[in-house]
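For reference, the structure discussed in these notes is given below.
The values are calculated or read from the model by the stated rules, or taken from the named source; none is laboratory data. What you see is a predicted model, and the numbers here were worked out from it, not measured in a lab. When the accessible area is computed, the model is the full protein with side chains, heavy atoms only, and any ligands, DNA or RNA have been set aside. Shrake-Rupley method; radii C 1.70, N 1.55, O 1.52, S 1.80 Å.
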Amino acid sequence: MRALLRAVRRSIALKLTLTLVGFVAVTSLVAGLYLKRALEDFAVESLETRLGSVAAVLLDEARPLLRGGAPAAA
């Protein structure tokens, strides 16, 4: 009887352990996929903003040269 009780307890502990490990693995995978996408979207948006700012500065500096005027004094 005690041997049967030990086997059931070990089996339950093993099942709980495997369930927990599986849950952590699935949760980590889902979080990783979500964070990859979210961080990629943030990086693209940040890059677009920075490139837009640099383009505006270059346009302001290049506009007189494109019109044939003298370069602006620094």
Matching residues in segment 1-35 - criterion: being among the hydroxyl-bearing types (Ser, Thr, Tyr), more than 25 Å from the chain's Cα centre (by Cα) and open to solvent by less than 70 Å² (accessible area, probe 1.4 Å): SER11
Residue identified as open to solvent by less than 100 Å² (accessible area, probe 1.4 Å) and either part of a helix (DSSP H, G or I) or at pLDDT below 95 (or both) among ALA74, ALA38: ALA38
